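**Q** Structure in structure tokens, see below.
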Amino acid sequence: MKTHKLLFFIIILNVSSFAQVNEINREIENIINKNKKTDYLQKTYEFYRLNEWDSTLIYSGKLLDGTKNNELLNLAHYLRGQSFRQKKIFNEALKDYTLISSDFSFYSYVECSFGEIFLNQKEYNKALKYFNPLIKNYKSITFKPKKSAILHNIGLCYFHLSQFEKAEFYLLKSTELQEKENDTLLLMGSFTDIANLYYEQYKDSQAIPYFEKAYALSKKIKNFEIKQNAALNMAVVEENRKDLAKAMIYRKEYDIWKDSLNNQNKIWAVAEIEKKYAVDQKQKEIQLLASENKIKVSQRNGFLASSILFLLLFGTAFYFYSQKNKTNKIINAQKEDLDALNATKDKLFSIVSHDLRSSVNTMQATNTKLLKDIANRNYDALDKTAHKNAAIANSTFNLLENLLHWATLQTQQFYFYIESVDLYSVIQQIEFNYKPLFENKNLFFKNTIPKATFVLADLDSLKIIIRNLLDNAIKFSNENDTISVYTFDKETVFHYLVIEDTGIGMNEETRTNLLKEGNLLNKRKNQKGIGTGLGLQLCKSMIQKNKGTLTIESTENIGTKMIIALPKFTSNG
């Protein structure tokens with residue numbers, strides 16, 4: 001039986017030509033230009049271009065720690081994977097490639113890298129799972145790896161799996177493309193692999209011409225290692241054909257190239273030693289200059305020390321002087337704010353206590369009348385007096401509740417939780433609670449807000465705002481008037497909620513004063529009963545906390561519109 005000696009295999013795995021590497025680098029530079037302010041990004045790429053893989057890994061690790069940008073995360077993992085591959089640390093490379101999302105610009109190169117690593121690790125079926133889809137979808141890929149190299153790698157996988165027909169198909173197809181591209185190095189590898197494919201099947205007559213083609217191409221290549229392997233292959237071929245004379249010639253050529261390679265390695269080793277010696281000499285010169293510089297530095301240090309000491313003393317004095325002025329300004333500003341707050345507090349307590357006293361006195365008077373009406377069985381007057389008493393109690397309760405909310409807000413104890421709120425449902429709930437008040441004054445209430453009108457707001461504070469504005473609308477409306485609640489949109493960011501009454505309205509001066517910042521206590525014209533303006537101030541503060549705005553439109557004897565702008569809720573948040 002005919003036996004064959006094992007021949008040398010050249011496995012070509014590089015799927016990036018010079019043009020394709022430039023294309024990838026341009027895309028990386030585009031990403032860098034979009035993210036110029038990102039730390040460590042430029043450094044990572046600079047070391048990558050210089051093939052300094054350890055430095056690339058260090059700075060790409062820092063880049064990963066400092067960004068949440070998905071595009072930059074993908075790029076960092078890609079550069080790390082490439083660096084680990086160059087260092088032959090394939091499992092670490094696989095870990096980084098796995099963390100790259102499929103929307104990465106040149107994900108096709110990532111898939112090629114998976115295939116090439118598995119091919120190196122002799123996991124041929126896994127490699128095919130990446131290479132085959134790339135060829136199938138090659139036309140739709142934006143960043144295209146080198147097609148001939150992918151075909152060649154598929155052929156190698158099938159060769160090692162002993163599926164020789166498929167291996168032959170893909171290797172020949174790859175070779176056909178490489179001949180058109182005139183890629184000498186890849187073509188030589190393909191010729192060698194095709195020759196080995198036939199040789200493995202004992203098809204010597206088909207294998208030998210490809211070995212000869214590979215050998216001929218090796219003459220055009222400067223790499224000694226490739227030349228020696230091509231000569232070795234021909235020596236083995238001739239030995240198997242029993243042509244020992246030719247085999248000896250190829251063996252001698254192999255030895256020449258081997259010696260040349262060894263000599264080249266020795267030259268590089270000598271050059272490395274000479275380089276190290278030159279570096280040592282330079283280091284000695286640097287140390288000598290450093291010693292001379294130390295003497296000069298010590299001479300300067302005396303003058304510098306005295307100068308620095310003087311500057312420090314001057315700087316310290318100036319610093320304390322400026323700090324003292326700054327502290328005085330802060331204290332004065334805080335004193336002014338405190339005085340203003342105390343004045344507001346005093347004014348508030350004065351008016352609230354006055355209105356509470358008035359309300360209690362009024363309630364006492366109506367209670368006395370109520371008892372007389374009960375004793376005299378004056379039922380017509382009894383009903384009127386009871387309703388009046390209820391209105392006074394309700395106003396007093398509202399005043400106390402607003403005072404409590406205002407105090408909570410001032411002491412920053414009011415908790416705001418912004419969420420999606422349906423305006424229609426909120427108004428519907430409040431309308432149900434306010435029906436007795438509407439009926440007591442024969443007011444007609446209209447809620448025309450569309451269902452599913454969502455805003456971003458704190459639900460509790462929104463209810464307080466709407467109740468206060470409705471209280472004012474009821475208070476300043478005449479019997480048989482109308483109160484309407486509706487929305488309108490004039491921009492994409494806000495919903496505008498309107499509470500409109502057809503009551504007594506107000507003049508321009510009153511409207512302007514109500515909207516002034518910090519204008520706590522105001523009464524409207526013709527106002528009766530309790531009313532400090534605290535409710536409206538509370539509304540303004542809570543609307544600001546909800547990131548909204550309040551505007552007022554009003555005309556005397558026609559009515560008032562309270563317009564609240566609240567941020568819209570969208571499905572995107």
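Readers should treat all values here as calculations from the given coordinates under stated rules, not as data from a laboratory. All figures in this text were calculated on a predicted structure; none of them were measured in a lab. Every residue, glycine as well, gets a Cβ built from its backbone with ideal geometry; the counts of neighbours run over all protein chains shown.
**Q** Would you mind checking the pairs Lys446/Lys547; Lys139/Lys227; Lys88/Lys144; Lys173/Lys203; Lys68/Lys547; Lys95/Lys146 and listing those with alpha carbons more than 30 angstrom apart? Can you show the working numbers first?
**A** Working: Lys446/Lys547 27 Å; Lys139/Lys227 36 Å; Lys88/Lys144 24 Å; Lys173/Lys203 19 Å; Lys68/Lys547 28 Å; Lys95/Lys146 24 Å.
Cα-Cα > 30 Å for Lys139/Lys227; rest within.
**Q** I've got another one for you. Please go through segment 153-213 and write out the chymotrypsin sites (Phe, Trp or Tyr not before Pro) that DSSP classes as loop and that have at most 14 other C-beta atoms within 10 Å.
**A** Values: sites: Tyr158, Phe159, Phe164, Phe169, Tyr170, Phe191, Tyr198, Tyr199, Tyr202, Tyr210, Phe211; in loops: Tyr202.
Hits after loop and neighbour filter: Tyr202.
**Q** Mind giving me the nanometre distance, one decimal, between the label points for Lys43 and Lys136, set 7 Å out from Cα along Cα→Cβ?
**A** So the label points at Lys43 and Lys136 sit 4.4 nm apart.
**Q** Could you list the GluC sites (Glu not before Pro) in segment 93-133 that lie in coil according to DSSP, counting only those with at most 16 other Cβ atoms within 10 Å of their Cβ?
**A** Glu123
**Q** Within segment 196-229, list the trypsin sites (Lys or Arg not before Pro) lying in a DSSP loop whose Cβ has at most 11 other Cβ atoms in a 10 Å radius. Walk me through the intermediate numbers first.
**A** On the way: sites: Lys203, Lys213, Lys219, Lys220, Lys222, Lys227; in loops: Lys203, Lys219, Lys220, Lys222.
Listed in order of number, the matching sites are Lys219, Lys220, Lys222.
**Q** Give me the one-decimal nm value for the distance between modelled label points at Gln206 and Ala317, 7 Å along each residue's Cα-to-Cβ direction.
**A** Label at Gln206, label at Ala317, 9.9 nm between them.
**Q** What are the ³J(HN,Hα) couplings of segment 448-453, residue after residue, when phi is run through the Karplus curve with 6.51, -1.76, 1.60 and θ = phi - 60°? Round to Hz, x for glycine and proline.
**A** Each residue's phi maps through the Karplus curve to give 10, 5, x, 5, 6, 9 Hz.
**Q** Using unit Cβ charges (K, R positive; D, E negative) and no other charged atoms, how large, in debye to the nearest 20, is the dipole of segment 18-247 about its Cα centre?
**A** Working: 33 positive and 29 negative charges, 65 e Å.
It comes to approximately 320 debye.
**Q** Suppose every Lys and Arg Cβ carries +1 and every Asp and Glu Cβ carries -1, with no other charges. What dipole size does segment 413-567 come out with about its Cα centre, to the nearest 20 debye?
**A** Working: 18 positive and 18 negative charges, 67 e Å.
The calculated dipole for segment 413-567 is roughly 320 debye.
**Q** Give me D for segment 413-567 in µm² s⁻¹, whole number, from Stokes-Einstein with Rh from the Kirkwood sum over alpha-carbon pairs, 20 °C and 1.002 mPa s.
**A** Values: Rh = 15.8 Å.
Calculated translational D: 135 µm²/s.
**Q** Let me ask another. I need the phi-derived Karplus couplings for segment 492-499: 6.51 cos²θ - 1.76 cosθ + 1.60, θ = phi - 60°, integer Hz, Gly and Pro marked x.
**A** Per-residue couplings from phi come out as 7, 8, 10, 9, 9, 9, 10, 10 Hz.
**Q** Something else: Hey, how many Å between the Cα centroid of segment 538-566 and the Cα centroid of segment 203-266?
**A** A separation of 93 Å, based on Cα centres.
**Q** Next up: List the residues, sorted by chain then number, that are 5 or more residues from Phe494 or on another chain and whose placed amide H is less than 5 Å from its amide H.
**A** Lys568
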